[in-house]
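What follows is a set of notes on a single structure, which appears directly below.
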Amino acid sequence: MKRRILAVFFATLAITLGVYVYRTSLPDMPADVTLAYQALPEHLDYNIDVKPILSDKCFACHGPDKAKQKAGLRLDVADYAYAELPENKGKVAISPGNLKNSEFFNRIISEDPDYKMPSPDSHLSLTAAEKAILIKWIKEGAVYKPHWAFVKPNKATVPAVTEANWKTHNPIDNFVLAKLKQAGLHPQQEANKEILLRRLSFDLTGLPPTVAELDAFLKDNSPNAYEKQVDRLLHSPHYGEKMAVDWLDVARYADSHGYTVDRIRDMSPYRDWVISAFNRNMPYDKFLHWQLAGDLMPKPKREMIIATAFNRNHPQNMEGGIVEQEFQTEYVIDRTNTVGTAMLGLTVGCAKCHDHKYDPISQKNYFQLFSFFNNVKEAGQISWDDALPTPTLLLPDKQKAEILRYINEEISGQQQKFKKTVHAHAKEFESWLQKKQFGESFKNQIPAAGLQAYYDFNNGQLVNTRNSTQKAEMKREAGAPGDKPVFVASEKGKALQLDGDNWLDLGQTGVFGKSDPFSIGLKVMIPEDLSEGVIFHKCVAERLYNFKGYHLYLKNNRLEINMAHTAPSNAITKISRTDVPRNQWLQLTLTYDGSAKAAGMKLYLNGAEMPMEVTMDQLTKEILYNKRGKKQTGLQIGAWWRGSGFKNGKVDDLTVYNRTLTPLEVLMLAKNIS
């Protein structure tokens, strides 16, 4: 009996001394903070426990944003936090291991509204538990760590489970039970097999188990019955579908473009690739690398390029009247932000307008990352006719791929035969040129073969001299009737004066598809003060359909020729390398051979081929509109709806051919017209 009394006495004494030592090792604190401190785990982690509190309650005024810093104090960087306070000489915000000498500690436990932090003006406050965590962190040395996204993960020590009646089946249970113990909670009873399989099925496939699957599991009394169910579900095709859901949310996958019009789009090949990647258990590094830059890797396969659709999942706007460059920039911002969130674990988007207030990202860092994604040639306003915005990828099935391969081989073979024929007769042709036997046949006339239209305007009428039954019209916005034509004197008669708003509409003349050869020639006088404008085109409303068709355009004193399914990527674009003469008559001829290649599209100035830079050469789809039985829009001269026109420009001697003129014919056309 005496021994028991002594044991109780010494135990009570030990507890009393322990509490005394604990209390004397800490400054006086409010009672609620003291209780919260006693409930804390043995060790704290800066990134897990401390930084979230500092970010939420302190960094707004004492973080990396210089414009918002108060009292010259930064708490996001150790050197600044430990340094002498600029406005309180002799004091420091944080003295590692020394609470009394830490202004930070003194202010967070103070109740004085003029002294406490966070200040009442901030409308922020710390809970007792948050104060306790910050106090314990300072007492343990106030150790800072780099942002968690930059810290290599280390394998954690598995917590020990001391409670005898708490069962563990794998190390994950140990971590769960440790958290329950810290929160003062107890685990529930182990679920029965029926509930267990139901939970497992929903977790791995998103679907409930069937009756047959439940019966089989209930009858299986083997030690690894549960593991067998896990393996079965991991091999289900529905596993990839379930796992893909969260990633597709992060990757902002959608089956429509978003914004106000929100038309349907098909991104399903990317979705299917993500599902397949999970079902194949693709390594995570490869999973990320392919999505970020699969097309830039050596000899990329088709699925590697499909994976890069991760960068094209952003919303895209087809609303008329938007600012093209604004939304091109919005799309780059979306890609930048998504890569930060999905792959870096950082909310980089906050640094678009200012240095990040919580994470170590400056505005300069943001736009350095932005620059990597600002290399996609895409439209800010996508096509109104639901053509997929470019760049796109053709995905033929196996049969169609074989057909395309056969067709391309046939084309290549014919091209080789053509080259051999040209080479075989090169000397004979050169001899013919040297003899100038062609002179009389071309003198005082223009090439007649394939000539569909010729407008010389000399009689003051818009009549096709090749076919007098065809008359052009002046039109303007949305194809409404335009003003009366204005004719002015030209070198050999009359020319048409344009105002940039009204255009000359040739009806069905000039309706050519991607595979149709054609040539268009005309004389123009470009005014000195015209900065940009369309000279001729077969389009509707400029960028409304992403320039579907073809055009000749003046910009930056250079001439641009373009043929597009959806510009800027599914297109051919060439820009002249030299400036264009002003205030003088020029003869321009555009020729195209139907090859869908930039090499087959040429522009001639006064009979000489213009040197041009190819900026895009990947036209793969038709340039005509899918008008569902309606007539195609034909060639239009001098203006287009919703775009800049050929203001105060003059045109004359307009010719349209349904074939490719040879360089010699182009020269003769220019000479005889001029």
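Number of residues in segment 600-639 that are more than 22 Å from Asp579 (Cβ to Cβ), outside any strand (DSSP E or B) and touching a Leu at 6+ places or on another chain (Cβ under 9 Å) equals 6.
Restricting attention to segment 477-492, which residues are loosely packed, with under 13 Cβ neighbours inside 10 Å and either not in a loop (DSSP other than H, G, I, E, B) or not acidic (Asp, Glu) (or both)?
As a first pass, look at segment 477-492 and keep what is loosely packed, with under 13 Cβ neighbours inside 10 Å: 478, 480-481, 483-484, 488-489, 491.
Residues satisfying the conditions are Ala478, Ala480, Pro481, Lys484, Val488, Ala489.
Scan segment 450-467 and give yes if some residue there is of a type in the set (Gly, Ala, Ser), in a loop (DSSP other than H, G, I, E, B) and over 27 Å from Ala567 (Cβ atoms), otherwise no. Yes, the conditions are met somewhere in segment 450-467.
Before we move on, is Leu388 at pLDDT below 90, closer than 27 Å to Ile305 by Cβ and aliphatic (A, V, I, L, M)? Break it down stepwise before answering.
Working: at pLDDT below 90: yes; closer than 27 Å to Ile305 by Cβ: yes; aliphatic (A, V, I, L, M): yes.
So Leu388 fits the description; yes.
Residue-wise test of (1) surrounded by 18 or more Cβ atoms within 10 Å (Cβ to Cβ); (2) in a helix (DSSP H, G or I).
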residue: Thr329; (1), (2): no, yes
residue: Asp334; (1), (2): yes, yes
residue: Asn337; (1), (2): yes, yes
residue: Gly340; (1), (2): yes, yes
residue: Leu346; (1), (2): yes, no
residue: Pro360; (1), (2): no, no
residue: Gln368; (1), (2): no, yes
residue: Val376; (1), (2): no, no
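Are any residues in segment 247-301 surrounded by fewer than 14 Cβ atoms within 10 Å (Cβ to Cβ) and basic (Lys, Arg), and if so, which ones? Hits for segment 247-301 are Arg280, Lys286, Lys299, Lys301. Candidates are the residues of segment 90-137 that are of a type in the set (Ser, Thr, Tyr) and either outside any loop (DSSP other than H, G, I, E, B) or surrounded by 20 or more Cβ atoms within 10 Å (Cβ to Cβ) (or both); the one that is modelled with the lowest pLDDT is Ser122.
Do the conditions hold for Lys70, that is, is it basic (Lys, Arg), more than 16 Å from Lys139 (Cα to Cα), under 45 Å from the mean Cα position of the chain (by Cα) and not in a strand (DSSP E or B)? Let's see the steps before the verdict.
Details: basic (Lys, Arg): yes; more than 16 Å from Lys139 (Cα to Cα): yes; under 45 Å from the mean Cα position of the chain (by Cα): yes; not in a strand (DSSP E or B): yes.
It is true that Lys70 is basic (Lys, Arg), more than 16 Å from Lys139 (Cα to Cα), under 45 Å from the mean Cα position of the chain (by Cα) and not in a strand (DSSP E or B).
Pick from Lys555, Lys514, Lys548: which is charged (D, E, K, R), modelled with pLDDT of 95 or more and closer than 16 Å to Thr591 by Cβ? Lys514 is the lone residue from the list that is charged (D, E, K, R), modelled with pLDDT of 95 or more and closer than 16 Å to Thr591 by Cβ.
Selection of segment 294-344 for residues being among the hydroxyl-bearing types (Ser, Thr, Tyr) and either within 30 Å of Glu542 (Cα to Cα) or in contact with a Lys or Arg (Cβ under 7 Å, 6 or more places away or on another chain) (or both) yields Thr308, Thr329, Tyr331, Thr336, Thr338. Can you pull out the residues in segment 302-327 that are over 20 Å from Ser256 (Cβ atoms) and either at pLDDT 95 or above or not in a loop (DSSP other than H, G, I, E, B) (or both)? Within segment 302-327, Arg302, Glu303, Met304, Ile305, Ala307, Thr308, Glu324, Gln325, Glu326 meet the criteria.
What's the total number of residues in segment 63-81 that are in contact (Cβ under 8 Å) with a residue 24 or more places away in the chain and not hydrophobic (A, V, I, L, M, F, W, C)? Break it down stepwise before answering.
We begin by selecting, within segment 63-81, every residue in contact (Cβ under 8 Å) with a residue 24 or more places away in the chain; these are 63-68, 75-78, 81.
When the remaining residues are screened for being not hydrophobic (A, V, I, L, M, F, W, C), the result is 63-66, 68, 76.
Total satisfying the criteria: 6.
What residue, of Asn557, Asn562, Asn546, is of a type outside the set (A, V, I, L, M, F, W, C) and under 17 Å from Gly600 (Cβ atoms)? Working first, answer last.
On the way: Asn557 fails: under 17 Å from Gly600 (Cβ atoms); Asn546 fails: under 17 Å from Gly600 (Cβ atoms).
None of the others qualify; the one that does is Asn562.
The set of residues from segment 645-674 being in contact with a Phe, Trp or Tyr (Cβ under 7 Å, 6 or more places away or on another chain) and part of a strand (DSSP E or B) comprises Asp652, Leu654, Thr655, Tyr657.
Residues that are modelled with pLDDT of 95 or more and either among the polar types (S, T, N, Q) or surrounded by fewer than 15 Cβ atoms within 10 Å (Cβ to Cβ) (or both): does segment 160-167 have at least one? Break it down stepwise before answering.
Kept after step one, since they are modelled with pLDDT of 95 or more, are these residues of segment 160-167: none.
Checked segment 160-167: no residue is modelled with pLDDT of 95 or more and either among the polar types (S, T, N, Q) or surrounded by fewer than 15 Cβ atoms within 10 Å (Cβ to Cβ) (or both).
Of the residues making up segment 460-470, none is of a type outside the set (Phe, Trp, Tyr), surrounded by 13 or more Cβ atoms within 10 Å (Cβ to Cβ), at pLDDT 85 or above and under 18 Å from Pro663 (Cβ atoms).
The values are calculated or read from the model by the stated rules, or taken from the named source; none is laboratory data. Since we're looking at a predicted model, the values are computed, not measured. No Cβ is skipped: glycine too gets one built from the backbone with ideal geometry, and neighbour counts run over all protein chains shown.
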